[in-house]
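The values are calculated or read from the model by the stated rules, or taken from the named source; none is laboratory data. Because the structure is predicted, anything quoted here is derived from the model rather than measured. Here the Cβ is made from the backbone with ideal geometry for all residues, glycine too, and neighbour counts use every protein chain on show.
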Amino acid sequence: MLREQSGLIVQIHKLLDIFLTAMAFIAAYFIKLRFMPETLRGLTTDPNYYIVLLMIIIIWYVTFNLFGLYNPYRKRTFEQIFWNLVKAVSACMLVLVLCMYIAKIKDVSRIMMCIFFLLNIGFLTLNKGVAYNLLTHYRKKGFNFRNNIIVGSKSRARDFIDAVSKNLDAGYRISGCLEIDTREVGTEVKGGIKVIDTIDHLEKILFEQVVDELVFAMPLKKIEKVEQYIALAEEIGVSVRIIPDWQIHKFRYRPNIATIQIDEFLGIPTMVFTTTSLKRVELLIKTAFDYFFSAITIIPFLPIFLVTALVIKVSSKGPVFFRQERCGLNGRRFMVYKFRTMVTDAEERQDEIKTLNEADGPVFKIRKDPRIIPYIGTLLRKAGLDELPQLINVLRGEMSLIGPRPPIPAEVEDYEIWQRRRLSMKPGLTCLWQTTPKRNGISFNEWMNLDLKYIDNWSLGMDFKILLNTVRAVILGTGQ
């Protein structure tokens, strides 16, 4: 599944390269036509530059593939990527000159083509530099990996480990293997991957570790209560992948939530149970929109940021921002950013006022919290402005614009099993609960069910509707 998404991203990368190449040509055309020194300015009307641009688009698209510009960046330095890019553009220019000679296209400005050559390398280097640094950053943070736990340690497990190690660009990481025999614990399976525990402790492992996918790489008939283990993963929201055997027809588990599909995993046929959306193109659009919207929104909001920071500083001693550890996708920990609306020792004072808690379940909420900074804290919360710094979390890839709110780790520890499935989708700034009238009057279970309803019925249309309802709630000041 990650491989398919990766292929789509590569296609978008190619189209962006061609777009930037076309922009470089157009920019070179107008620089030569209007912005060069007067003695060099201007272009003749004899050659048809539209035809030249069309030739460039075709030649560049084909040649870039031949030079492997879209091979994984993981094993290459940026210097290697840059020089490969220069070679590719130079080869493209040679092919273009040959094609223009064959087509008898004459009098094309050499100065303009030199400007185009330099601009093209510059634009593409900038594009690949941004992509390279983003990928490096997120790999270090662990955001573009899916963590796998393998059930089994014999030949199928070793084949799976081989497939992952030979395709590092696919974005998978193996955390360890589970076995049915306690005597296997601690033994090395292959390539440094060890048996970390027995499957009897699966619930504890899924609760304490970040697990995106559980892979069954042994005959299912050897595992007692295998249906219960799969049902547990399904209820939590962890994907299950099965490397099937000839006894698969005896496997009688029928999922209540998950969707079953046959998927080729790095050349290995597998059966997958997944509880999250299969709309991969739409999910990629959602991610792209998250980055685009948050990036263009932060700039016009800078005056609001500055005014809010100044008011907080004047109203209360302490930092402007409040940082708190939260749980993200499948339990990944990250620091969330908010404008501080409470006194600096608010967390330390929570035990003093825990009897005032008005919420059920593991969350702590008080409608008129005595720790809130008078006036400014209440205003920021009512308008939802305290959440604005979380646009930084969206840009860091830790959150989405729309999605279940990220919980505190202590809350997650008290979740029931079915409630943990809300972590199976990246958390967001707003979701169905935030746009529900009198939201603080609903029970914790109703809140959790709203988040699961969002996950089970997700679509781009739903995100757009939630975004509009959130804007309306902020404008009307109905937030709490």
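Taking the stretch 397-428 on its own, how many of its residues are under 20 Å from Leu467 (Cβ atoms) and basic (Lys, Arg)? Looking only at that region, the number is 3.
Can you confirm whether Met93 is surrounded by 13 or more Cβ atoms within 10 Å (Cβ to Cβ), part of a helix (DSSP H, G or I) and either touching a residue at least 40 places away in the same chain (Cβ under 8 Å) or more than 37 Å from the chain's Cα centre (by Cα) (or both)? When the stated conditions are applied, Met93 does not pass them. Residue pairs whose Cβ atoms lie under 6 Å apart, separated by 6 or more positions or on different chains, with the first residue in the stretch 226-249 and on the phi > 0 side of the Ramachandran plot and the second modelled with pLDDT of 90 or more and surrounded by 15 or more Cβ atoms within 10 Å (Cβ to Cβ), are Gly237/Arg421; Gly237/Ser424. Residue selection: Val195 fails the criterion of being β-branched (Val, Ile, Thr) and over 30 Å from the mean Cα position of the chain (by Cα). Yes or no: the stretch 286-295 includes at least one residue that is polar (S, T, N, Q) and surrounded by fewer than 20 Cβ atoms within 10 Å (Cβ to Cβ). Yes - at least one qualifying residue is present in the stretch 286-295. Do we have Ile257 as over 17 Å from Met425 (Cα atoms) and either at pLDDT 80 or above or surrounded by fewer than 21 Cβ atoms within 10 Å (Cβ to Cβ) (or both) here? Against the criterion (over 17 Å from Met425 (Cα atoms) and either at pLDDT 80 or above or surrounded by fewer than 21 Cβ atoms within 10 Å (Cβ to Cβ) (or both)), Ile257 does not qualify. Residues in the stretch 63-86 that are exposed (fewer than 12 other Cβ atoms within 10 Å of the Cβ) and farther than 20 Å from Ile12 by Cβ were compared, and the one that is modelled with the highest pLDDT is Trp83.
Yes/no matrix, rows are residues, columns are (1) under 16 Å from Leu467 (Cα atoms); (2) among the hydrophobic types (A, V, I, L, M, F, W, C); (3) in contact (Cβ under 8 Å) with a residue 40 or more places away in the chain:
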position: Val281; (1), (2), (3): no, yes, yes
position: Lys286; (1), (2), (3): yes, no, yes
position: Thr297; (1), (2), (3): yes, no, yes
position: Lys317; (1), (2), (3): no, no, no
position: Glu325; (1), (2), (3): no, no, yes
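A single entry from Lys204, Lys279 fulfils the requirement of being surrounded by 12 or more Cβ atoms within 10 Å (Cβ to Cβ), out of contact with any helix residue (DSSP H, G or I) (no Cβ under 6 Å at 6 or more places or on another chain) and charged (D, E, K, R): Lys279. Filtering the stretch 358-384 to residues that are on the phi > 0 side of the Ramachandran plot and over 30 Å from the mean Cα position of the chain (by Cα) leaves only Tyr375.
Phe273 meets each of the listed conditions (1) touching a residue at least 40 places away in the same chain (Cβ under 8 Å); (2) surrounded by fewer than 17 Cβ atoms within 10 Å (Cβ to Cβ); (3) not in a helix (DSSP H, G or I) apart from (2). Of all the listed residues (Gly428, Gly461), the sole one being over 21 Å from Leu385 (Cβ atoms), of a type in the set (Gly, Ala, Ser) and free of Cβ contacts under 8 Å to residues at least 40 places away in the same chain is Gly461. Residues in the stretch 352-363: is at least one surrounded by fewer than 19 Cβ atoms within 10 Å (Cβ to Cβ) and in contact with an Asp or Glu (Cβ under 7 Å, 6 or more places away or on another chain)? Yes - at least one qualifying residue is present in the stretch 352-363. In the stretch 325-349, what residues are among the polar types (S, T, N, Q) and either in a strand (DSSP E or B) or over 28 Å from Ile236 (Cβ atoms) (or both)? Within the stretch 325-349, Thr341, Thr344 qualify. Filtering the stretch 314-350 down to residues that are small (Gly, Ala, Ser) and under 24 Å from the mean Cα position of the chain (by Cα), which residue is nearest to Pro407 (Cα to Cα)? Residue satisfying both the conditions and the ranking: Gly328.
Could you tell me whether any residue of the stretch 63-78 is part of a helix (DSSP H, G or I) and over 29 Å from the mean Cα position of the chain (by Cα)?
yes
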